[in-house]
Amino acid sequence: MKRPEREVFLSDPVLTEDEIEAVGSAIRSGWITMGDRVAQFEGEFAREHNSDQAIAVASCTAGLHLILTAFGITNNDEVLVPSLTFVATANAVRYTGGVPILVDIESLKRPHMDLLDAQRKITSRTKAVVVVHYGGWVCDTEKWRKLADDHGLLLIEDAAHAPGHELSGKHGDATAFSFYGNKNMTTAEGGMVIVHDPDVRECLRRLRSHGMTSLTLDRRAGHAYSYDVTDLGFNYRMDELRASMGVVQLRKLRKWNDFRRSLLRRYRELVVDHSDKIAIPFSEDDETTAHLCPVLLWPDSDREKIMQLLRRRGIHSSIHYPPVHKFSYYVKTLGNQSLPITEEFSSREISLPIHPAMDMDDVAYVVEELLKLQ
Ligand SMILES: *Cc1c(COP(=O)(O)O)cnc(C)c1O
């Protein structure tokens, strides 16, 4: 294959000497797990999200599992989740023995979980709803809060795509964030949880570390000589290397999110002005952290071919998401289901490159090449 003159990756972490210096300094300190840097990262992340405390975890998936466990979700409890999400959202429910009830999206224009479909699927066994801020567009969490309150459900936010959004974590009982390598900020692997109820928060903190009642740091500081194990916990901790990287990345997050939004605006201008066969969901006025740039192709498009041709021009693209209810594990566990809007969206969507290492010329190049294929 001839090398294309330009290569535009789907996402690309921005890693500089700042991150290297921070991680190096964590290593040189000799204290490499659950120390001051984790505490600092938790504090600064909480403040950024108008919360007083946050809990650093090994991943967003671990965070979701901890949240569901701390709130007592267990065998056969039903939890409403969108099918248009990364599989981890539904898997976390399965880890507890709960049953994810997969919900359709609102429309092709608004691929958020549909409130009416969710409402129809509530039963006496429903305990919680997990909303996903698809692509960084935060769901109408006030509306979901009301639905949850009306039916006595927990509201959990999967905010893997929406760190740094002022509404992330505001209305949910608990919220999980991801710092995986392709997210808006990264610690390579890692996540963060915000929980509002102080008792549940303390329970979650224990569950993060084997269900133990005292932390390593307390023991080293001489505050505690023994400990109890109150629950069946996990090892879902974050280490000091990741936390030190998180502190540095968090300081750049606002600037990066602003820049992502400007890339998305440019995509919108170029697509809206020049094509009636390709659409970008949501609208200019909907607030987003612009984690993804999803594009809906025309109904009978040959998506695979289009992705291949783009790739030949150096443009990486992806699909967000293959629906959870179509994966063979979920067909096996939950049976065949039909969620027509999710299926249509998912069969026509491609995600275009969007990340802070791109520039406006890259956007113009991607759109120009895409429009040639319509
Ligand atoms: C990435 C992602 C997750 C999982 O995050 P990890 O930190 O990799 O566990 C969960 N939900 C959504 C919507 C994601 O995009």
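The values are calculated or read from the model by the stated rules, or taken from the named source; none is laboratory data. No experiment lies behind these values; they were computed from the predicted model shown. We place every Cβ from the backbone using ideal geometry, glycine too, and count neighbours over all the protein chains shown. Calculation scope for accessible area: heavy atoms of the full protein, side chains included, ligands and nucleic acids excluded. Shrake-Rupley method; radii C 1.70, N 1.55, O 1.52, S 1.80 Å.
Taking amide H positions as placed in the peptide plane 1.01 Å from N, state which residues far from Ile101 in sequence (5 or more) or on other chains have amide H under 5 Å from it.
Those qualifying (amide H under 5 Å, at least 5 residues apart or on another chain) are Val79, Leu80, Val81.
Given N residues in the chain, what is its alpha carbon radius of gyration divided by 2.2 N^0.38 Å?
Working: Rg = 21.2 Å, N = 374, 2.2 N^0.38 = 20.9 Å.
Normalised Cα radius of gyration, the chain: 1.01.
Tally the DSSP beta bridges in the stretch 4-148 and give the antiparallel ones as a percent, rounded to 5.
Working: 1 of 9 bridges.
Roughly 10 percent of the beta bridges in the stretch 4-148 run antiparallel, per DSSP.
I'd like the orientation of helix 303-312 relative to the chain: the angle between its Cα long axis and the longest Cα principal axis, in ° from 0 to 90, rounded to 10.
So the inclination is approximately 90 degrees.
Local charge sum around Phe177 (other residues, Cβ-Cβ under 11 Å, Lys/Arg +1, Asp/Glu -1)? Write down the numbers at each step before the final one.
Details: positive: Lys183; negative: Glu48, Glu157, Asp158.
Result for the local shell: -2.
Kirkwood hydrodynamic radius, computed over distinct alpha-carbon pairs, for the stretch 270-374: how many Å, to one decimal?
Evaluated over the stretch 270-374, this radius sits at 15.1 Å.
Residues of the stretch 63-97 with the amide nitrogen closer than 19 Å to a label point 7 Å from the Cα of Ser338, along Cα-to-Cβ, please.
From the stretch 63-97, the list is 83-84.
Write down the percent of antiparallel bridges among all DSSP beta bridges whose residues are both part of the stretch 79-187, to the nearest 5.
On the way: 1 of 15 bridges.
Counting DSSP beta bridges with both partners in the stretch 79-187, the antiparallel share is about 5 percent.
Direction-averaged shadow area of the convex hull around the Cα atoms of the stretch 225-331, nm²? Spell out each step's value before the answer.
Details: hull surface 52.5 nm².
In nm², the orientation-averaged hull projection of the stretch 225-331 is 13.1.
Taking a probe of 1.4 angstrom, what is the accessible area of Arg311 in Å², to the nearest 10?
90 Å²
Give me a comma-separated list of calculated 3J(HN,Hα) values for the stretch 243-250, in order, Karplus coefficients 6.51, -1.76, 1.60 applied at θ = phi - 60°, integers in Hz, x for any Gly or Pro.
With the stated coefficients, the stretch 243-250 comes to 4, 5, 5, x, 4, 5, 5, 4 Hz.
Per-residue HN-Hα couplings for the stretch 263-272, Karplus 6.51 cos²θ - 1.76 cosθ + 1.60 at θ = phi - 60°, whole Hz, x for Gly and Pro?
5, 5, 4, 5, 4, 4, 4, 5, 7, 4
Give me the net charge of His133's neighbourhood, meaning all other residues with Cβ under 9 Å from the Cβ of His133; Lys, Arg count +1, Asp, Glu -1.
On the way: positive: none; negative: Glu157, Asp158.
After counting each charged neighbour, the total is -2.
Explain nothing, just the number: dipole magnitude of the stretch 254-353 about its Cα centre with +1 on each Lys and Arg Cβ and -1 on each Asp and Glu Cβ, in debye rounded to the nearest 20. Could the numbers behind the result be given before it?
On the way: 16 positive and 14 negative charges, 120 e Å.
Roughly 580 debye for the stretch 254-353.
Just the Cα atoms of the stretch 153-293, one point each, no solvent: what log10 I(q)/I(0) does Debye give at q = 0.09, 0.12, 0.15, 0.20 Å⁻¹?
-0.40, -0.64, -0.89, -1.25
Given the Cα-Cα distance of Arg311 and Asn182 and 0.36 nm per residue of separation, how much length would full extension add, in nm?
Numbers: separation 129, 0.36 × 129 = 46.44 nm, distance 1.86 nm.
Stretched fully, the Arg311-Asn182 segment lengthens by 44.6 nm.
State the antiparallel share, in %, of DSSP beta bridges confined to the chain, rounding to the nearest 5. Mind dumping the intermediate values first?
Working: 19 of 37 bridges.
Among the beta bridges of the chain, antiparallel pairing accounts for roughly 50 percent.
Any idea what angle helix 141-151 forms with the longest principal axis of the chain, computed on alpha-carbon atoms, 0 to 90 degrees, nearest 10?
Once rounded, one gets 60 degrees.
Can you work out the accessible area per residue across the chain, with the rest of the protein chains kept in place, probe 1.4 Å, in square angstrom? Walk me through the numbers on the way to the answer.
Details: 16430 Å² over 374 residues.
Dividing the accessible area of the chain by its residue count gives 44 Å².
Run lengths n ≥ 4 of DSSP H only: what is the helix-derived mean residue ellipticity at 222 nm for the chain, with -39500 (n - 2.57) per run over all residues, to the nearest 500?
On the way: 13 runs with 152 residues, N = 374.
Calculated from helices alone, the mean residue ellipticity at 222 nm is -12500 deg cm²/dmol.
Given a cut-off of 20 Å, name the pairs among Lys143/Lys252; Lys146/Lys170; Lys183/Lys332 whose C-alpha atoms lie farther apart than that in the structure shown. Show your work: numbers first, answer last.
Details: Lys143/Lys252 31 Å; Lys146/Lys170 13 Å; Lys183/Lys332 30 Å.
Going by Cα-Cα distance, Lys143/Lys252; Lys183/Lys332 fall outside the 20 Å limit.
How much of the accessible area of the chain, probe 1.4 Å, is carbon plus sulfur, in whole percent? Numbers along the way, then the final one.
Numbers: 8130 of 16430 Å².
Percent of accessible area from carbon and sulfur atoms in the chain: 49.
Using the Cα centre of the stretch 298-374 as the reference point, and only Cβ charges (+1 on K/R, -1 on D/E), how large is the resulting charge dipole? Debye, rounded to the nearest 20. Spell out each step's value before the answer.
Values: 9 positive and 11 negative charges, 77 e Å.
That gives a dipole near 380 debye.
Grab the beta carbon distance between Trp31 and Leu10, set R0 = 41 Å, and tell me the FRET efficiency rounded to 0.05. List each step's numbers first, then the result.
Working: r = 36 Å, r/R0 = 0.88.
For Trp31 and Leu10, the calculated efficiency is 0.70.
Against the longest principal axis of the chain, how steep is helix 60-70, in degrees 0 to 90 to the nearest 10, with axes from Cα atoms?
50 degrees
Taking only the alpha-carbon positions of the stretch 236-281 and ignoring solvent, what does the Debye formula give for the base-10 log of I(q)/I(0) at q = 0.18, 0.23, 0.32 Å⁻¹?
After summing over all Cα pairs, the log10 values are -0.65, -0.79, -1.03.
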